[in-house]
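For reference, the structure discussed in these notes is given below.
The values are calculated or read from the model by the stated rules, or taken from the named source; none is laboratory data. None of these values were measured; they are calculated from a predicted model. Note that we place each Cβ from the backbone using ideal geometry, even for glycine, and neighbour counts take in every protein chain shown.
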């Protein structure tokens with residue numbers, strides 16, 4: 001058990017600092033954003049399990065050879081209502097911290113989800129009041145506003161893509177088709193749920209810089225995934241022009257690929273703290289997904305209306321999206337992809353194996 005606690009602590013430290021930094025700086029995720037997204041989710045989940053597991057393993061020292069045996073032994077002793085003999089004060093603190101951290105993360109996830117649902121409902125009501133159905137695009141609503149805006153509102157059978165008249169007048173037909181395909185990709189691939197989890201992680205651990213870095217990286221990856229779907233509809237040049245046009249229409253951008261009217265950025269998960277009702281048009285370039293409202297684009301996303309928003313992104317994050325469209329970027333080879341998947345699965349399994357052996 002001492003070795004288990006140390007190993008889990010070392011794993012948690014590695015996943016909290018060097019590995020996320022290396023991954024966020026790597027160039028290969030742009031070649032296979034889906035695989036990179038799987039790896040980020042594995043790092044986040046494994047990091048949380050390792051932190052909690054290290055605390056449990058230390059708190060259960062002397063109560064068994066593994067976590068299950070330790071829990072059984074401790075429960076027998078705890079039935080008397082007294083602290084088991086030989087258990088130190090630091091072990092009591094470690095167990096308390098493990099339970100508190102677990103509860104904090106789970107409750108924050110639930111609260112974030114519920115808050116996002118409420119804000120999304122309010123935003124959907126505002127869109128119904130301020131927009132009208134598109135005559136030629138099913139599932140699309142048009143807002144009479146001169147700013148170029150495009151975003152999506154998740155909601156199952158009530159999901160919708162929202163466009164502004166400014167966007168429609170700015171873009172050519174193929175460019176507009178690319179933007180719509182981008183937004184619908186966010187809905188079909190349910191990027192808002194992924195972003196919701198990372199938004200929750202960041203809000204639960206605001207003092208944890210890697211949580212913010214991870215959310216930013218994941219936001220960019222879901223934008224790339226939506227871009228890839230749009231590339232099935234139009235050529236790369238057309239999509240790049242759509243992103244660039246919307247970005248230039250807004251000037252310096254605060255959201256890389258943020259989409260739309262809500263503060264939901266590239267794939268924002270709505271888990272965010274958006275103020276539902278704030279429907280100021282944001283960017284509309286290539287589509288952010290917010291679980292609440294996901295805006296597309298490249299412009300400043302400034303409407304917290306969607307509860308699925310993510311933090312603002314610097315203009316620099318637009319560059320990777322355009323680069324992979326302009327420069328021929330081959331996908332990872334099959335064996336490389338299998339390597340990423342194997343690493344992701346191995347990371348997820350490692351904390352459990354350490355606790356059970």
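Here are some notes:
- Qualifying residue in region 73-94 (condition: modelled with pLDDT under 95 and within 25 Å of residue 347 (Cα to Cα)): no
- For region 206-232, filtered to residues that are modelled with pLDDT of 95 or more and part of a loop (DSSP other than H, G, I, E, B), the residue that is surrounded by the most Cβ atoms within 10 Å (Cβ to Cβ) is 231.
- Residue tally, condition surrounded by fewer than 21 Cβ atoms within 10 Å (Cβ to Cβ) and assigned to a helix (DSSP H, G or I), over region 138-169: 7
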